[in-house]
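Below: the structure, in structure tokens.
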Amino acid sequence: MRQDPNACCPLHAVPLREGCVIISFGTYSFGDAFIQAQRHFFPKAGFFAWQSYAMQAENKIVCPVQYCSACRRAQLLWEKENSSVTWLPPTLEDAERTIHDHFGIERSVHSVPAEIHDLLRANKLLAAVKLLQQANPGVEIPRLRSHLRYLGYSAELEQALQAIRTSGPHLAYADER
Ligand SMILES: [Zn+2]
């Protein structure tokens, strides 16, 4: 997404800030009331971004957005006044869970011995599966394999978590107080 450093909110006439959000997948129906409110009260809240084809190819889960803090406050207020939770930004906890899920965490795998990472780096996948199986008796092999793939994404995972923690939409909740 191209960022314009001089972009301003058309409603509040303040410079837009840079942040990042979790990319939403699939199609959503906002409903007329929300669309009207968005147009009039918070056009640049920027709590969400939808997947483009470019993102699909890159296995991306977070993307940069430009937003207006006044719009974000207005949207939080609107949600509260309308007893709506549908378009509230995710909490940090929810966002982190979504990121882990995106990279394929297997929640049946509870224990990951430290040596697993060395085996993965050395590309000794069979040994890694065996070790993971010993540490998680009863978990099926396909789940163990899939969790190893998840562990293989550790750099991308850490990057996505870091981006969200420092500039994610949950910060609007702190702004509100
Ligand atoms: Zn605004």
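Each residue in region 129-142 was checked for being surrounded by 12 or more Cβ atoms within 10 Å (Cβ to Cβ), assigned to a helix (DSSP H, G or I) and among the polar types (S, T, N, Q), and 1 pass.
Mind checking whether some residue in region 105-128 is of a type in the set (A, V, I, L, M), modelled with pLDDT of 90 or more, under 29 Å from residue 8 (Cα atoms) and surrounded by fewer than 18 Cβ atoms within 10 Å (Cβ to Cβ)? Looking for residues that are of a type in the set (A, V, I, L, M), modelled with pLDDT of 90 or more, under 29 Å from residue 8 (Cα atoms) and surrounded by fewer than 18 Cβ atoms within 10 Å (Cβ to Cβ), one finds none in region 105-128, hence no. Report yes if residue 6 is within 16 Å of the ligand (Cβ to nearest atom) and surrounded by fewer than 18 Cβ atoms within 10 Å (Cβ to Cβ), otherwise no. Yes; evaluated as a whole, the condition is true for this residue.
The values are calculated or read from the model by the stated rules, or taken from the named source; none is laboratory data. Note that the coordinates shown come from a computational prediction; the quantities given were computed from them, not determined experimentally. Don't worry about glycine lacking a Cβ; one is built from the backbone with ideal geometry, like all the others, and counts go over all protein chains shown.
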